[in-house]
Amino acid sequence: MSQEIYGRSEELGRLRALLHGAAGGTGQALVVTGDPGIGKSALVGAVVVEAAGFTVLRCAAAQSESQLAFAALHELLWPVLDRIEGLPPPQRRALSGALGLTDDAADRFLVSVAVLTLLSDLSSVETPVLVVADDAQWLDSSTAECLAFVSRRVRWDAVALLAVASSHSETALGEIPTLPVGPLSNDDAARLLSARRSELDRSSRDYVIAVSQGNPLALLTLSPPVGALDPTAPAPVSARIRDAFRSRVGAMSAQVRGQLLVAAAQDGATLSSVQSVSRRLGLGDWALDDTTQPGVVGVLDNRVLFRHRLVQSVVYDAATPLERTQVHLSWSEELAHDGDEDRRAWHLAAASDGPDDDVANLLEASANRAWQRGGPQAAAAALRSAAELTRDRSAAGMRLARAARAEWEAGRVAAARDLLSSSVARIGSRAGLVSGGLEGLIEFTRGDCVRAHKLLLRDARLDPEGPLGLELAVLAMRAGWAASQVDLESDDTIETALGHPVLADMVGRLLAWWRRGEGVEAFAPEGEVKAWLLPPAPYAAVWGLSADMQHQYRSVAERSRAEGSTSALAFTLSQLATAEILGGRWQEAAAAATEALEIAEVTQLDSVIAQCHNSLAWLAALRGDVETTEKLASVSARIAQRTSVRALVAAAQWHRGVAHLVTGVPAESLALLAPIRHVGTSTHHPTFALLAAPDAAEAAIRVGDRDEARAQIDLLEQWAARSGAPWARSAHLRSMAMLSDGAEAERLFREALAVHDSVDRPLHHARTELLFGEWLRRMRRRQEARPYLARASEMFGRLGSTPLLLRAKESLDLATQAPRGRELVAFNELTAQELRVSRLAALGSTNRQIAAQLFISPRTVGHHLSAVFAKLGITSRAELRGRDLGG
């Protein structure tokens, strides 16, 4: 270390542990927090010196650049930009676009994955990596989200992430552990003064220690006043430091102050550009460094840097408005010469003292570039400023509407609402078109689905023959269905709900496609269905189209993955999970829901988050895990209730009921399931009333409530006649069999098992075999019962439904054994991520290829494979190819 660090042994210990862990392959992140001047940067600087065996990537966030998308990330990755070419193509395109190296669109999630892959590659092939982000409170939101994503996923990589932030500021870095840095003790303060300010006499040292309150910058900056020393005079330490710097700057010559202002107006500028701007202003060549202005400013790696942000702030604030305007205009000329249009636009905006359409146009162009690079919040800031500088009220309103959409895409809902309201005040209903139906979208994803249905329809009618009109109309139907306001099972709701003949016709044909699974080309050229055109999976399920829709969900998911459309991928995977559960592919369902949830949490898709929790709750219920079911269903229900999504509230209730039915508590199950069919209850929803009817009927029969059972059976019978769905006919026959006796019961059970396509729902089919086998045993026809019970046992074991497996085994002869014992158990012990990794490895994919597919780092893939080998009792990837992994 170049200078001794006083009184920070505990903090240094934690930072060294961070380095030690990364060097050993255990990555982690830490945010160093503290008041200005408390010594955070000195601590981090000391650790950087100790990281001699690391690749150190460092950026210093700047307040003036916090509105530029990925500005800090560009600085961070500058030393390793050449490595981007080695990334998987979708990640390479996304990161190159984000950094402005290409014109490729930048998906924020893929950008984060690309940075993770890049750091993982560096740490595994070369040296451990230390990432340092100074002044993290001013990180642009795009970079902050990226680093937060990386910090959560470097556990198995030799990567340490260290951020430095002010105690009293917010960052977008998420739940990264913090290391607070507090004041020095008086003894440590005295040691620092003795070493660094030996010219002070004892009385002066005592005064400085008293007024500095343990702040190292204050200790090195403040001086005792002339005359009586009164350390009791009240003044915050930060104010004292500012006053000291202000006095120091005020004593400088006009030329020096002017040159410092040039540097303060453009963070981290190169020495040559500062010299150029200074000459343009008549200030002469830059000649300041630590020799002429110790502790104020210096040059490092050809960049002009202030020794502390407080100095920079004081220099800028001390200048007159005219001086600042002249400096910003000169910087705009310099940046125009360099081709940096984004920074040029912001300097011109800072120099404007009233409306200026030319500058507003430049800001809008900058916003467009930011949006393309995956920086919606930066785009919003530029559009907001553009609107303020726009003379025409209508044009300003259009820009505010786009800014609102950008804020929404950045996850800032309150800001989006405010901007949209301002836009509506200027341009009225046109705000709905310009923002893409934003008011309804906000309600759909974060507000009230009942209101969303009305708002989306309102804006859809503004564009009845265009793609936006169709999209909003479909979303309106989804919102109405989700809120139980529109019964998509009814033929007479479409035209009534849409109220426009063109939209009614288009959505009516779309609904017909949802019900028949054909006619895709009418809505998607060349048969490439868009994610938002897919029917809700539960709706497809009641029409008996789950198996037919699976290939559509998978096709759209894979195309979205290849194109880097992660929001569409999350949306589609959440629907695919439902279809996979019904199809008996529970591990695949868990994998799809888990992946969708990871993306949704990063991109703040609340509806997808709720849907994924519901799918995972359903899986837990079917496996008999009541506690996990309740926990997951509660999360989903909370989100759904907040947004009036009755569909998910009903689904959560259904899954709770299933958990109790599977674990043999039919009374609890019925209490949860029966209300779902009753109009007016908080859990009613027509689609889920149908899906829950077989379970509700069984629970009612088991507790002896024949009236409720018959009501549920009638619901199934009517729907089976209406839709012709095989599952409904089979469920109706099975439920009727449970209510019947003798030959009639046997006939109904056999007819239920014989229904064509009912095996597309293997759990449903196995439960029918279990019930029939149990009935045959009660009839003392044990030999006939065994094949049904054996097949049911095998299916329950394969799926991993332990309570149903035990129930089936209890009904079997002791000689009957469920096949593939250990291998089946081991298979079910794999987590969703382990299963995905093992399947791709079995197909011959390398760790790097698997990582690109699953949005994780190659080293994390290796960790998962080690766990898979241990669970399956194998030692190599080759042995995976001989295992049944359910793919």
Discussion item. Please compute the length gained on full extension between Glu85 and Arg778, using 0.36 nm multiplied by the number of residues separating them and subtracting their Cα-Cα distance.
Written reply: 242.6 nm
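Antiparallel as a % of all DSSP beta bridges within the chain, to the nearest 5?
Values: 5 of 26 bridges.
Rounded to the nearest five, the antiparallel share is 20 percent.
Can you give the FRET efficiency to the nearest 0.05 for Thr846 and Glu175, using r as the Cβ-Cβ distance and R₀ = 45 Å?
Efficiency, rounded to the nearest 0.05: 0.90.
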Worksheet, complete the sentence: With the charge dipole of the chain built from beta-carbon charges (+1 for Lys and Arg, -1 for Asp and Glu) about the Cα centre, the Cα from Leu73, Tyr6, Leu789 projecting farthest to the positive end belongs to Leu789
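Where Lys and Arg each count +1 and Asp and Glu each count -1, what net charge lies around His613 among other residues with Cβ under 15 Å from its Cβ?
Details: positive: Lys631, Arg638, Arg642, Arg656; negative: Glu595, Glu598, Glu601, Asp606, Asp625, Glu627, Glu630.
Summing Lys/Arg as +1 and Asp/Glu as -1 gives -3.
Based on the mean of other Cβ atoms within 10 Å per residue, sort peptides 192-204, 327-339, 397-409 so the most packed one is first.
Details: 192-204: 13.0, 327-339: 18.3, 397-409: 26.4.
So the peptides 192-204, 327-339, 397-409, ranked by packing, come out 397-409, 327-339, 192-204.
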Discussion item. Which one, Leu806, Ser185, Gln575, is farthest towards the positive end of the dipole of the chain when Lys and Arg carry +1 and Asp and Glu -1 on their Cβ?
Written reply: Leu806
Worksheet item: Based on the inverse mean of 1/r over its pairs of different Cα atoms, what is the Kirkwood hydrodynamic radius of segment 362-475, in Å?
Response: 13.9
Item to complete: Give the Rg (one decimal place) followed by the Dmax (whole number) of segment 827-882, computed from C-alpha coordinates and expressed in Å.
Response: 10.0, 27
Discussion item. Let's test this: bin the Cα-Cα distances of the chain at 20 Å from zero up to the farthest pair and state each bin's percent.
Written reply: 13, 38, 31, 15, 4, 0
Response to the item:
Neighbours of Ile713 by Cβ distance under 13 Å: Lys/Arg at +1, Asp/Glu at -1, summed charge -2
Worksheet, complete the sentence: Simple SL model, points at 7 angstrom along Cα→Cβ for Asp492 and Thr681; separation in nm is 2.6
Worksheet, complete the sentence: For the chain, the longest principal axis of the Cα atoms and the Cα long axis of helix 271-280 enclose an angle in degrees, to the nearest 10, of 60
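Please sort by residue number the chymotrypsin sites (Phe, Trp or Tyr not before Pro) in segment 29-126 whose DSSP state is loop and whose Cβ has at most 16 other Cβ atoms within 10 Å. Each step should come with its number before you reach the end.
Numbers: sites: Phe54, Phe70, Phe109; in loops: Phe54, Phe70.
Filter output for segment 29-126: empty list.
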Practice prompt. Would you give the gap between the C-alpha center of segment 699-749 and the C-alpha center of segment 761-778, rounded to a whole Å?
Written response: 14
Worksheet item: Taking only Cα atoms, what is the 0 to 90° angle, nearest 10, from helix 832-842's long axis to the longest principal axis of the chain?
Response: 90
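Using a/c under 1.5 as the rounded threshold, could you call segment 546-639 rounded, prolate or oblate? The axes a ≥ b ≥ c are square roots of the C-alpha gyration tensor eigenvalues, and prolate needs a/b larger than b/c, oblate otherwise.
Numbers: a/c = 2.51, a/b = 1.30, b/c = 1.92.
In terms of gyration-tensor shape, oblate.
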Fill in: Cα long-axis angle, helix 141-151 against the chain (0 to 90 degrees, to the nearest 10)
70
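Determine the calculated [θ] at 222 nm for the chain from helices alone, applying -39500 (n - 2.57) to every DSSP H run no shorter than 4 residues and normalising by the residue count; nearest 500 deg cm²/dmol. Provide the component values of the computation, followed by the final result.
Details: 44 runs with 566 residues, N = 887.
Roughly -20000 deg cm²/dmol at 222 nm, from the helical runs in the chain.
In Å, what Kirkwood hydrodynamic radius results for segment 443-488 from the alpha-carbon pair distances? Before the final figure, lay out the partial values.
Working: mean 1/r = 0.0990 Å⁻¹.
About 10.1 Å for segment 443-488.
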Worksheet entry | Sorted largest first, extent of segment 1-74 alpha carbons per principal axis (Å) | 36, 31, 20
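Over 19 Å apart: what share of the alpha carbon pairs of segment 610-702 falls there, rounded to a whole percent? If you can, show how the numbers build up before the last one.
On the way: 1296 of 4278 pairs.
Pairs farther apart than 19 Å: 30 percent.
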Worksheet entry | Shape box of segment 342-388 [Cα atoms, principal axes, largest first, Å] | 30, 17, 13
Worksheet item: In terms of the Cα gyration tensor, with a ≥ b ≥ c the square roots of its eigenvalues, is segment 9-180 rounded because a/c is under 1.5, prolate because a/b exceeds b/c, or oblate?
Response: oblate
Fill in: Approximate spin-label separation Asp187-Arg14, in nm, with each point projected 7 Å along Cα-to-Cβ
2.2
Worksheet, complete the sentence: PRE zone check, label point 7 Å out along Cα-to-Cβ of Arg509, amide N under 19 Å, scope segment 529-573, hits 529-535
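Between rounded, prolate and oblate, where does segment 644-785 land on the alpha carbon gyration tensor, with a ≥ b ≥ c its root eigenvalues, rounded for a/c under 1.5, else prolate if a/b exceeds b/c? Present the calculation step by step, with values, prior to reporting the outcome.
Details: a/c = 1.94, a/b = 1.55, b/c = 1.26.
Judged from the Cα gyration tensor, segment 644-785 comes out prolate (a/c at least 1.5, a/b above b/c).
We did not get these values from a lab; they are worked out from the coordinates using the rules stated. Remember, predicted model here, so these are calculated numbers, not experimental data. Here the Cβ is made from the backbone with ideal geometry for all residues, glycine too, and neighbour counts use every protein chain on show.
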